[in-house]
Amino acid sequence: MRISECREEDVGLLDKHMPSPGADSFHQRRYARQCAGAGTYLVAWRDDLPVGSCEVRWDGCAAPEVQAVHAGCPEVNGLGVWPETLRSQGIGTGLIREAERLATARGCRSIGLGVERNNPRARALYRRLGYRPSTPYLDCWSYADGAGVVHRVADACTYMVKDLA
Ligand SMILES: CC(C)(COP(=O)(O)OP(=O)(O)OC[C@H]1O[C@@H](n2cnc3c(N)ncnc32)[C@H](O)[C@@H]1OP(=O)(O)O)[C@@H](O)C(=O)NCCC(=O)NCCS
């Protein structure tokens, strides 16, 4: 497995292998944020196929209740490994470790991530990697479907934080 920052030419391949929930490309949005300097979009590859990704958001978690407590703390956002048959093989851990390495290189003292309250396996993984539960919050996001109808989602999450000493 190798991990690299998303390039413009990777976006089409990501769209093909990991379709976005709505009509807009989730990957294009993340790549655009990277171009604007707001994030780094990390992609895990195996045999030249994308098998996982996450975004390091340098401006931190979007939720105001998290910003109030962890301003300046970058966030690992949208972590996912696919297809499901490739899970539990260390790809997610590799992506998190790379995000932590980049944050340390930038001089960040901590890094965080949000986990849905109904995702105990992911929470167990983050705990094993040294993240501690900190702040409950609502992850509010939206997507437009093919007919242009906007769907608003609010997921109950816990923000978890790790010190990067
Ligand atoms: C959570 C996820 C990113 C972890 O990536 P991964 O490559 O499977 O993680 P690793 O192989 O490094 O570590 C696996 C551990 O993660 C945990 N885990 C969390 N969700 C899991 C899932 N759906 N399947 C398998 N393991 C999962 C388990 O504790 C597992 O430990 P185990 O190998 O002892 O069973 C991945 O499983 C995934 O994409 N899940 C669906 C999307 C999701 O839940 N994203 C997280 C949002 S907060």
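The values are calculated or read from the model by the stated rules, or taken from the named source; none is laboratory data. Since this is a predicted model, take the numbers as computed values, not measurements. FYI the Cβ positions are ideal-geometry reconstructions off the backbone, even for glycines, and counts take in every protein chain you see. For the accessible areas, the whole protein counts, side chains as well, though only heavy atoms, and no ligand, DNA or RNA atoms are used. Shrake-Rupley method; radii C 1.70, N 1.55, O 1.52, S 1.80 Å.
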Computed for segment 83-161: size of charge dipole around the Cα centre, +1 on C-beta of each Lys and Arg, -1 on C-beta of each Asp and Glu, debye to nearest 20, value 460
Rounded to the nearest 500, what is the 222 nm mean residue ellipticity of the chain from helices alone, with -39500 (n - 2.57) per DSSP H run of 4+ residues and division by all residues?
-8500 deg cm²/dmol
Sorted on mean Cβ neighbours within 10 Å (highest first), peptides 9-18, 148-157 come out as 9-18, 148-157
Return the sequence-ordered ³J(HN,Hα) values of segment 96-111 in whole Hz as given by the Karplus equation 6.51 cos²θ - 1.76 cosθ + 1.60 applied to θ = phi - 60°, using x for Gly and Pro.
5, 4, 5, 4, 5, 4, 5, 5, 4, 5, 7, x, 6, 8, 8, 8
Using DSSP, restrict attention to beta bridges with both residues in the chain and report what percent are antiparallel, rounded to the nearest 5.
95
Average accessible area per residue (Å²) across segment 3-145 - probe 1.4 Å, nucleic acids and ligands excluded
52
Computed on Cα atoms, the radius of gyration and Dmax of segment 1-146 in angstrom are 14.8, 42
Expected sort for 28-37, 48-57 on mean C-beta neighbours within 10 Å, highest first, is 48-57, 28-37
Using a 1.4 Å probe on the protein heavy atoms, what percent of the accessible area of the chain belongs to carbon and sulfur?
50
Given charges of +1 on the Cβ of Lys and Arg and -1 on the Cβ of Asp and Glu, with all other atoms neutral, how large is the dipole of the chain about its Cα centre, in debye to the nearest 20?
660
